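Worksheet for the structure shown next.
The values are calculated or read from the model by the stated rules, or taken from the named source; none is laboratory data. All values derive from a computational prediction rather than experimental measurement. Methodologically, a virtual Cβ is constructed for each residue, glycine included, from the backbone with ideal geometry; neighbour enumeration extends over all protein chains shown. Quick note on the areas: whole protein, heavy atoms, side chains included, nothing else; ligands and nucleic acids left out. Shrake-Rupley method; radii C 1.70, N 1.55, O 1.52, S 1.80 Å.
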Amino acid sequence: MSQFVSNIEPNIIDDEMVQKAIEENCPEDLGDLARREIINWKVVKELQLSFKSILQIDNLWPLENLTKLQLDNNVIEKIEGLQSLVHLVWLDLSFNNIEVIEGLDTLVKLQDLSLYSNRISKIEHMDTLQELQIFSIGKNNLTILEDRKVAALKYRDLTKPLEQEEARVLALQETQEAKQKELEYHQTAFVEYLNGSFLFDSLYEEDREAAKLAFLPGVEDLLQAYKEEFVSVCGNLFNYGLEEYEKREAEVSKFYKRYHEILAVNQEESKRIISDFESRNQRRLDELYQAGSGDLAECEGAQGKEEIRQLWDALMTLEALVSSDLEELLQDFKRSIDVVASTFTESIQGIFNQCRDLENEHHKKLMKIVIATQEKLDMDPFDDSLPEDVQRLFEDKKTIVNIINMAHSVRLRKIDKRESDMLCNIYQWQISETEKAFQTENDRNRACIGKILCFINTLQKELDNSDPEA
């Protein structure tokens, strides 16, 4: 909103006003004539026309490289005459009388636009201002926004890269979480990294000579065939391990299901015994209070003690029976667990024997190729069909044989180590599940007996407190 008083004559921007503003921006130590001579409108980057009582914007087209234009505190009513200022980055039209935002279509580089304190009630055609970062429009009468759709599209264009990046990160996180969850499942089944060539690749991780030996005729094909068969056996081991894991889980689940079924029946019987006792006890207490004192009271008190003793016997007998049933269930569970573990152990050992057989067979075939190559080189020391580093391996027959035997031993030890890990895991699972089951029952039995003792003691105290002579 313009701050000028009404008696000031409104102006239209003309060449003289522009020239004067440009000269005012030149260094003060230059003379007037010098300043006029050096001025070239095409090189002007900034122009300040504040407080000039400007009503209409015009005659700015020669300033084609202008980047900053200050037109605040005038009486401008319409945004116009700016079409040629295509390099404009900063525009201040604050404190004017502008009612409609328009005429900015060509200012595609505009980043900072200030229209503070005008009479704006309408915004039109700002969709070309893709570079706009700061838009000051406070203290206006803005009530209509015609380019809502354009604004929404612009917002979408601005946020779309962020949304895409967020979606990418989220998808990556979900993938990593899924892989981690899958790995944990495989670890629980004792078959982690057996689906694929992981184990085979680990056999050659520290074998620096394997790549050199691959140059020998037939070795590359031999190694490839060995890998395919070995990976196939690992795949069988992986699938078998997952199947056995599900069987183990089912066995454990079946045990605990039966365990809780027995306890549920026991609890119902326990509730019935206690309910019968409480009914008799309530009748006895009523009779005891009515009798007051004397022989009848003594008789009722003695009867109460007898009933408490009988309740104790009934509850302890019930606990002994359920403990016996659960002990039998535990022994059956232990036998089942032992069978599952034994079957798994035997099967695993058989599959790993296949891995060792493949390694031994590969070793024999490789050794034949190496010996044949050694004999060929002995007959023709100048044979240059092999790389020099490979030929150096054959300078001494004993050395190359020792290298191959050592690598073979290392691979066998790695196979044994993986087998040992699986066997240890199944043994630990067997011990852990058995001990857990027996400990669960032991804790339950102790807790149950403790509750019975506490309950009987409470009843005895109540009986003693109800005795009139106590």
Count of residues meeting criterion [modelled with pLDDT under 95 and buried (at least 19 other Cβ atoms within 10 Å of the Cβ)] in segment 328-370: 2
The listed residue being within 33 Å of the chain's Cα centre (by Cα) and either open to solvent by less than 30 Å² (accessible area, probe 1.4 Å) or among the basic types (K, R) (or both), out of F255, F198, F230, F238: F238
Sole residue being assigned to a helix (DSSP H, G or I), among the charged types (D, E, K, R) and modelled with pLDDT of 80 or more, chosen from E192, E131, E174: E174
Pair list, Cβ under 7 Å, 6 or more apart: segment 161-190 residue surrounded by 10 or more Cβ atoms within 10 Å (Cβ to Cβ), other residue polar (S, T, N, Q): F190/N425
Any hit, segment 34-44, residues being assigned to a loop (DSSP other than H, G, I, E, B), at pLDDT 90 or above, surrounded by fewer than 18 Cβ atoms within 10 Å (Cβ to Cβ) and under 58 Å from the mean Cα position of the chain (by Cα): no
Selection count where residues are within 18 Å of N405 (Cα to Cα), under 47 Å from the mean Cα position of the chain (by Cα) and aliphatic (A, V, I, L, M), scope segment 325-384: 2
Residues satisfying the stated conditions in segment 391-407, i.e. over 17 Å from M379 (Cβ atoms) and either outside any helix (DSSP H, G or I) or among the small types (G, A, S) (or both): A407
Out of G103, G138, G81, sole residue that is in contact with a Phe, Trp or Tyr (Cβ under 7 Å, 6 or more places away or on another chain), open to solvent by less than 70 Å² (accessible area, probe 1.4 Å) and either in a loop (DSSP other than H, G, I, E, B) or at pLDDT below 90 (or both): G138
Answer residue from segment 424-443, given it is of a type outside the set (S, T, N, Q) and open to solvent by 40 Å² or more (accessible area, probe 1.4 Å) and is farthest from E251 (Cα to Cα) among those: D443
When residues of segment 52-75 are limited to those that are touching a residue at least 40 places away in the same chain (Cβ under 8 Å) and among the hydrophobic types (A, V, I, L, M, F, W, C), the one surrounded by the fewest Cβ atoms within 10 Å (Cβ to Cβ): L55
Matching entry among D416, D464 (being exposed (fewer than 14 other Cβ atoms within 10 Å of the Cβ), within 37 Å of the chain's Cα centre (by Cα) and of a type in the set (D, E)): D416
Any hit, segment 424-437, residues being in contact with a Leu (Cβ under 8 Å, 6 or more places away or on another chain), assigned by the TED database to the domain that holds H260 and modelled with pLDDT of 95 or more: yes
Qualifying residue in segment 375-395 (condition: closer than 30 Å to K254 by Cα, in the same structural domain as V231 (by the TED database) and touching a Phe, Trp or Tyr at 6+ places or on another chain (Cβ under 6 Å)): no
Residues located in segment 205-227, provided they are exposed (fewer than 13 other Cβ atoms within 10 Å of the Cβ) and assigned to a helix (DSSP H, G or I): A211, E220, D221, Q224
Cβ pairs under 8 Å, 6+ apart, first in segment 368-382 and assigned to a helix (DSSP H, G or I), second surrounded by 11 or more Cβ atoms within 10 Å (Cβ to Cβ) and among the β-branched types (V, I, T): I369/V219; V370/I400; V370/V401; V370/I404; Q374/I400
Residue within segment 411-423 that is in a loop (DSSP other than H, G, I, E, B) and either touching a Phe, Trp or Tyr at 6+ places or on another chain (Cβ under 6 Å) or free of Cβ contacts under 8 Å to residues at least 60 places away in the same chain (or both) present: no
Residue in segment 396-412 that is closer than 30 Å to E261 by Cα and open to solvent by less than 50 Å² (accessible area, probe 1.4 Å) present: no
